[in-house]
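The values are calculated or read from the model by the stated rules, or taken from the named source; none is laboratory data. The shown structure was predicted, so the numbers you read here are calculated from the model rather than taken from an experiment. Cβ atoms come from the backbone with ideal geometry, glycine included; neighbour counts cover every protein chain shown. These area figures cover heavy atoms from the full protein model, side chains too; ligands, DNA and RNA do not enter into them. Shrake-Rupley method; radii C 1.70, N 1.55, O 1.52, S 1.80 Å.
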Amino acid sequence: MPRIQVVPLLEIVRETPTTTTYRFRGDLGGKPGQFLMVWIPRYDELPMALSHLGAVKGITVRDYGDATHALAAFTAGDRIGVRGPYGNAFQLEGPSVLAVGGGSGMASMIAAIEAFAQQGARVVTAVGARTAAELLFVERANAAGEMHIATDDGSRGSAGFVPTLAEKLLARESFAQVITCGPERMMAAVVDLARQKGLPVQASLERYMKCGIGICDACALDDKLVCWDGPIFTGDQLAKSEEFGRYRRDKSGRRVPV
Amino acid sequence: MVDLRTEIAGVALRNPTMLASGFLDETGGSMARVYQAGAGAVVTKSVGPQPREGYPNPTIVELDAGLLNAVGLPNPGVIEYEHEVKRAQAAGAVVIGSVYGKDADEYAAVAAKMSTYGVQAIELNLSCPHAKGLGTEIAQDEAAVRDFTREVKDVVDIPVFPKLSPNVQDIAKFAVAAEEGGADGIVAINTMKAMAITPELKMPSLANRFGGLSGPAIRPIGVRAVYDICEKVQIPVIGVGGVGSGRDALEYIMAGASAVQVGTAILSRGLGVFNEIAREMASLLEEAGFQSVPEAIGVAHA
């Protein structure tokens, strides 16, 4: 049997003006941080993190290109193809976690934030976005522990870059670990901060993917594959990387700046 | 202990497994990793004169029978690719450069450039079943196989291995044409042209509609192709198509192949597959009373 399931969308939730959650039932597992390859028929197949685990799965997608724009027009009952889950998961490594999310990066982290809280960890989340309306999953993060906000335009929470907020939180309280997902330069700043403090850190990376199963080499990061070795990498791995925070591969495999 | 070393047209291999073109070979880092995992050599992604993005997704479909793909020859172009080859070589990898173009001149130009990077041999991708407007379906035309091979041979000083298509009536004729063109070896087979449909969506599963099938389903086709080719040519053959175990590899070797390429089996057995195939081959060869790989080549023809 082909390892793809065609599933109807059960519910569609507009999370922010640019970000939408799609819920569906699928005969697949899923751990916090893992992703699916999602087929938007006639448009594309893209890697998307599971933002909702459990019986009714969810993916939360920012409308940024042709395929995600087409998906934004889908309604309940429309069908997508899903295969996976693929990749590794966020690991809980101690009694307290600082989660630092930027923009739609929260979609990859929210399941881990909730799972870690459920396992008894104290979870403090710093959520960043360009503007208040683009803040993603603040209620869920707040329900899982403590939540702080930074917006580029100062429309909610502290004005500025979310790593600056993370730096304040790290100065105020000692954490056992840091997790992060968001724009790559933001993650690079968070990884640096955590490493300066000697804290274990995990970052969930994004790269263009074709196969999702570790054979096509489109998502190469140095000698690693984001789909197979990642998408979550440790601070120690990333500190050795020539490419993290600097380069990605375009569709032809050329190395280009992130 | 059985000696697993083999040699093809002067290219020495520590064992007879090679990474097949199209798998984990767009970047130098991945090729280095595959070599370090045990492959005797790595064949690069097929590289052309210009960067190429390939097809939109979905580009692969996993089936029980194997893997269907229409990735569409993405590659950064031969100029940028130098960096990737050098990086693989820095890790000690034996690298075979796979090339394509839109006509014989382009094949020759890309091969000539690739040969300056220090690759050990050139593989000519004459047979990608799903790239339109490129020379990759020339394996359908015997004269073209001969002429393209000859043009490339004229501009490089390293061995040239045309890779042939199984999507023909009599593949051995094409191997003879390649040999006439001066080929130093033959790679057989490329993927079988194939299609999967997703009934729930009433549409083909690949964005390109059809693609190439690899994996266990095509192994008997590949073994037969290699057997037929070896009846007709003197040059060495590299067998490819559904090799996932030492036993599979020995089928190809006994059909006449000097080495095998492995791709789809990475999915089921991981990167350790190269070492595992080599180890399984060693024990099977020993049981059969062979001391080395060359002793077993083509014995099924007796």
Among the residues that make up the stretch A:233-245, is at least one of them farther than 16 Å from B:Arg33 by Cα, open to solvent by less than 10 Å² (accessible area, probe 1.4 Å) and in a loop (DSSP other than H, G, I, E, B)? yes
Kindly indicate whether any position in the stretch A:40-52 is hydroxyl-bearing (Ser, Thr, Tyr) and within 14 Å of chain B (Cβ to nearest Cβ). yes
Within the stretch B:213-236, is even one residue within 14 Å of chain A (Cβ to nearest Cβ), under 28 Å from A:Leu225 (Cα atoms) and open to solvent by 50 Å² or more (accessible area, probe 1.4 Å)? no
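Results for (1) away from every other protein chain (no Cβ under 14 Å); (2) aliphatic (A, V, I, L, M); (3) surrounded by 22 or more Cβ atoms within 10 Å (Cβ to Cβ), shown as yes or no for each residue.
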| position | (1), (2), (3) |
| --- | --- |
| B:Gly242 | yes, no, yes |
| B:Ser245 | yes, no, no |
| B:Val260 | yes, yes, yes |
| B:Ser268 | no, no, no |
| B:Gly272 | no, no, no |
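Is at least one residue of the stretch B:44-58 touching an Asp or Glu at 6+ places or on another chain (Cβ under 6 Å), in a strand (DSSP E or B) and over 30 Å from B:Ile197 (Cβ atoms)?
Filtering the stretch B:44-58 for residues touching an Asp or Glu at 6+ places or on another chain (Cβ under 6 Å) gives B:44-45, B:49, B:56-58.
Narrowing the set further to residues that are in a strand (DSSP E or B) leaves none.
The answer is no, given that none of the residues of the stretch B:44-58 is touching an Asp or Glu at 6+ places or on another chain (Cβ under 6 Å), in a strand (DSSP E or B) and over 30 Å from B:Ile197 (Cβ atoms).
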Exactly one of B:Leu19, B:Leu13, B:Leu24 is surrounded by fewer than 24 Cβ atoms within 10 Å (Cβ to Cβ), within 16 Å of the chain's Cα centre (by Cα) and of a type in the set (A, V, I, L, M), and that one is B:Leu13
Look at A:Val13 and say whether it is open to solvent by 20 Å² or more (accessible area, probe 1.4 Å), farther than 25 Å from A:Asn88 by Cβ and within 14 Å of another protein chain (Cβ to nearest Cβ). no
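Yes or no, residue by residue, for (1) surrounded by fewer than 23 Cβ atoms within 10 Å (Cβ to Cβ); (2) out of contact with any His (no Cβ under 6 Å at 6 or more places or on another chain); (3) in a loop (DSSP other than H, G, I, E, B); (4) at pLDDT below 95:
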position	(1), (2), (3), (4)
A:Leu71	no, yes, no, no
A:Thr75	yes, yes, yes, no
A:Arg83	yes, yes, no, no
A:Asn88	yes, yes, yes, no
A:Gln91	yes, yes, yes, no
A:Gly94	yes, yes, yes, yes
A:Ala99	no, yes, no, no
A:Met106	no, yes, no, no
A:Ala111	no, yes, no, no
Counted residues in the stretch B:6-43 being away from chain A (no Cβ under 14 Å), out of contact with any helix residue (DSSP H, G or I) (no Cβ under 7 Å at 6 or more places or on another chain) and more than 29 Å from B:Tyr55 (Cα to Cα) come to 9
